[in-house]
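Written below as structure tokens is the structure these notes are about.
The values are calculated or read from the model by the stated rules, or taken from the named source; none is laboratory data. Note that the coordinates shown come from a computational prediction; the quantities given were computed from them, not determined experimentally. Neighbour counts are summed over all protein chains in view; Cβ atoms, including those assigned to glycine, are modelled from backbone coordinates with ideal geometry.
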Amino acid sequence: MNFSSDTSAPAHPKVLEAVLAANSGLESSYGNDRVTRCLRGQLATVFGTDDFDYWLTASGTASNALALSCFCPPTGAVLCHAGAHIAVDERGAPEFFSGGGKLHLLRGPDGKIGPAQLDEALARINHDFVHETPAHVLSLTNLTENGTAYSVAEVTDYAARAHASDLIVHLDGARLGNALVSTGASAAEMSWQAGVDVLTFGLTKTGAMGCEIILLFGKAREKKRELEARAKRSGHMPPKMRYLSAQAEAMLADGLWLDLAAQANGMARKLADGLVARGVSLAFEPQGNEVFAMLPDDQVTALRAAGAVFYPWMGGSQRFVCSWATEDTKIERFLSVLDA
């Protein structure tokens, strides 16, 4: 009954098969291999455009920090939610990679930035006032850290507001597949068509071994060379990138990544419904593969004693994360503990 994180799940067998298939013969280094070059065609199909550049890393933190550092100078700032992953779970990596850029933390319900809070932050931007740190980037997260999803309309609206203030729009898509399944949107609709300039596209939580893709859309492609330089300097230029690309190749083939995301979302819904049926309140409406439950101490103790693994969360809830590998029997056993 391990609901600690979707990063605890094994890699999907097709990912392992693809890595083994790539493990043959000699290939050029640092992303100049055949598999990485062929990945462009798959990404173009998934995102419905050829107007992009891309780079692969093995972790979401590296992808977020590298992407943001290309657009936020040391004297600038990134607007993000106070509970965003870049704010509370990356040990200052965005600030470190940008050489001192700040994070301006905004509030809003359910892990999403409130429109009034965003407007207030945008109105404060003044590049001529030397004493403050002006924002250069708006960073959104989908799914949010509370398991909720921004709709396409919300992303489009926020991106338009940010662009009107000359900000770059970044989307942390560590669980993008789960958000797309939940909202019914396509990858194109939730990214560049909505106004996103740079996307950190996560596949690790969905079922890869460790594969994240930074996508630069449209004018943001101008930063490709800088992105490569920063990746090299920070140790995120994998010599054998073909093994990262092979994972992406397997995940994107025939929509496997979305199938796995749907499977994880479905398990989370089953868990949420089971909790609610037993009188447990949820802190947030599940819109992906995470469930935040308000459990009394005696139930938490009983669940842990029975072997359930999960984490306490802000606001007094307990976080349960489902993955593509979560089994019905584990959820049924979990609920039976509550019944007992």
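Out of F217, F201, which single residue is over 16 Å from the mean Cα position of the chain (by Cα) and assigned by TED's automatic domain parsing to the domain that holds L79?
F217
Collect the residues in segment 285-310 that are within 19 Å of the chain's Cα centre (by Cα) and surrounded by fewer than 19 Cβ atoms within 10 Å (Cβ to Cβ), keeping them in residue-number order.
If the condition is that a residue be within 19 Å of the chain's Cα centre (by Cα) and surrounded by fewer than 19 Cβ atoms within 10 Å (Cβ to Cβ), then E285 is the only one that fits.
Kindly list, by first and then second residue, each pair from a residue in segment 314-340 that is assigned by TED's automatic domain parsing to the domain that holds L176 and in contact (Cβ under 8 Å) with a residue 12 or more places away in the chain to a residue that is assigned to a helix (DSSP H, G or I) and among the basic types (K, R), limited to pairs with Cβ atoms under 7 Å and residues at least 6 apart or on different chains.
none
What number of residues in segment 131-158 are crowded, with 23+ Cβ neighbours inside 10 Å, farther than 18 Å from G76 by Cβ and among the aliphatic types (A, V, I, L, M)?
Looking only at that region, the number is 3.
In segment 51-68, which residues are more than 12 Å from G31 (Cα to Cα) and surrounded by fewer than 24 Cβ atoms within 10 Å (Cβ to Cβ)?
Those that are more than 12 Å from G31 (Cα to Cα) and surrounded by fewer than 24 Cβ atoms within 10 Å (Cβ to Cβ): D51, F52, D53, A58, S59, T61, A62.
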